[in-house]
Structure formats: structure tokens, C-alpha cells
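Colleague: Before I ask anything, let me first share the structure, which is written out below as C-alpha cells.
The values are calculated or read from the model by the stated rules, or taken from the named source; none is laboratory data. All values derive from a computational prediction rather than experimental measurement. Positions of Cβ are backbone-derived with ideal geometry, glycine not excepted, and every protein chain shown enters the neighbour counts.
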Amino acid sequence: MNEMELLKADIVKYGKKIKSANLVSGTWGNISIRHGDKIYITPCGIDYDNLLPEDIVTLNLEGKVIDGTKKPSTELNTHIELYKFREDINSIIHIHSIYATSIAAARKNIPAIVDDMAMIIGGEVPCAKYAFPGSKTIAQNIIEVIENKNAVLLSNHGAICLGRDIEEAFLVCEILEKSAQIYLFSTQIGIPKPLAMEEVEKMRDVYLNIYNSKE
Ligand SMILES: [Zn+2]
């Protein structure tokens, strides 16, 4: 397989993973990879179980289709705007998982309450203001709150997770969902205590520079 075929195969592989991990249902959610000046993204309306590498749509950073016969995800604009805003990330996964969406439905942030959240997501997960799915406002609302975080909740909708590569974006999805679950459980027995900002920053630094340097 050449590089482009490997990237498409990776998107298909992680599509099946987000489905089997119950992070999405049916054809919901979407996945993309940025590679050089191209974006590879899942198409609209194809169930992850039936998704094939040739269904993945290739576009330039202006959103013009270069290769593929399917219609790109309706959230394409959100992916493009986030790649423009965050030079450090090369993969985006949008999910509708139960626990993260529960908190998004309450339009609350998830405080930085566990170590792996600090390391992999970069601390507290902000909740972006509500915007109609597929609208351009989604990207604006995410950019308003994302800073250098790798995950954002989308009010009454789901979450968006970023990574330096698709493997890391998927890990962010898993850590986000786990943290959302822990946060909800923790509120049953008291008020969860967030980590101090300096602890969050120290752990993030260890993760990026020692543990998992992708340089
Ligand atoms: Zn969605």
C-alpha cells in the first residue's frame, strides 16, 4: 500500500474502533486526517461496518474534493477550520458518546480531575456554545474555547477530539469518555476536586516532551 492508501485504511480501522467502543452509533460522527496539504475524511451516511478505504474523500485545505466519489462529512468545515487554527494537530475524531454527551447536554465543562486527562487532553475540557450540526458556527464556537486542549464538548450534541495523529485522537476520545464517566460518578458522592493548574501543566509537559514525544 502507498502512503495515501495507508491513511485511508487507518480511517476505516478507527471508524470501526469508535463504533465498537460505543463512541458513536450508526453513521454518526466523523474522522479525518491531515497529511501535508490534503485532508482525508469519512463520507456522509455510510455505516462504519460497511466503510471501505475507497469511500474516504480526499480534499485540499480549501475544501475542494481532489479524489473520491462520495460526499464528504457534513462537518467538513469544522475539520478544515480546526486544522487551520491548530498547526500541531493532524487528526480529528467527532463522537456522540453517552457520558461526554450527557455533560454536553448540561452545557458544562469537565474539570481536570484525573491525571491522564491532564496529560493527554491538556486539562479541563471546555463546552462550546450550541450550534446547529453542520453549520459554520460550530467551528467558531469550538475555536472560541479550545485554546491548546485536545477535546471540546459540543452543547447538546457530542464532542470533538484532536491528536497529532489518528492513534492519539482516538486515545483522546477514550480518555474523554472515561473522564466524563468518572466526573459523573464522582458527583454522586461529593464535589470532585480539580487538579491544580501547575500540576496539569507539569503533567502535560511530561507527556509531550518525555513520555510521548512525536518529534
Ligand atoms: Zn455530530
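Colleague: Given the conditions (1) over 21 Å from ASN212 (Cα atoms); (2) at pLDDT 95 or above, and given that ASP88 satisfies all but one, which numbered condition is not satisfied?
Modeller: (1)
Every residue, every condition in (1) in contact with a Leu (Cβ under 6 Å, 6 or more places away or on another chain); (2) in contact (Cβ under 8 Å) with a residue 40 or more places away in the chain; (3) among the polar types (S, T, N, Q), yes or no:
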position	(1), (2), (3)
GLU5	no, yes, no
LYS16	no, no, no
ILE31	no, yes, no
ASN60	no, no, yes
ASN77	no, yes, yes
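Colleague: Taking only segment 55-73 into account, find how many residues are in a loop (DSSP other than H, G, I, E, B) and charged (D, E, K, R). Talk me through it step by step, then tell me what you get.
Modeller: First pass over segment 55-73, keeping only residues in a loop (DSSP other than H, G, I, E, B): 56, 61-64, 68-71, 73.
Adding the requirement that they be charged (D, E, K, R) leaves 62, 64, 70-71.
The qualifying residues number 4.
Colleague: Among the helices (runs of 4 or more DSSP H) lying completely within segment 98-215, list those that include at least 1 residues that are touching a helix residue (DSSP H, G or I) at 6+ places or on another chain (Cβ under 7 Å) and crowded, with 23+ Cβ neighbours inside 10 Å.
Modeller: Filter on segment 98-215 gives 98-105, 137-146, 166-189.
Colleague: Another question, then. Specify which of the listed residues (LEU153, LEU176, LEU162) is within 16 Å of the ligand (Cβ to nearest atom), in contact with a Pro (Cβ under 8 Å, 6 or more places away or on another chain) and not hydroxyl-bearing (Ser, Thr, Tyr).
Modeller: LEU153
Colleague: It is to be established whether one or more residues within segment 179-186 are among the β-branched types (Val, Ile, Thr), within 19 Å of LEU23 (Cβ to Cβ), more than 12 Å from the chain's Cα centre (by Cα) and within 16 Å of the ligand (Cβ to nearest atom).
Modeller: Within segment 179-186 (the criterion being among the β-branched types (Val, Ile, Thr), within 19 Å of LEU23 (Cβ to Cβ), more than 12 Å from the chain's Cα centre (by Cα) and within 16 Å of the ligand (Cβ to nearest atom)), the answer is no, since none of the residues qualifies.
Colleague: Just checking, which of ILE31, ILE11, ILE18 is within 16 Å of the ligand (Cβ to nearest atom), in a helix (DSSP H, G or I), on the phi < 0 side of the Ramachandran plot and in contact with a strand residue (DSSP E or B) (Cβ under 9 Å, 6 or more places away or on another chain)?
Modeller: ILE18
Colleague: Return yes or no: is ILE210 closer than 30 Å to ALA9 by Cβ, out of contact with any Gly (no Cβ under 8 Å at 6 or more places or on another chain) and not hydroxyl-bearing (Ser, Thr, Tyr)?
Modeller: The answer is no for ILE210.
Colleague: Pick from ILE143, ILE93, ILE56, ILE110: which is within 16 Å of the ligand (Cβ to nearest atom), at pLDDT 95 or above and β-branched (Val, Ile, Thr)?
Modeller: Selected residue: ILE93, the only one of ILE143, ILE93, ILE56, ILE110 that is within 16 Å of the ligand (Cβ to nearest atom), at pLDDT 95 or above and β-branched (Val, Ile, Thr).
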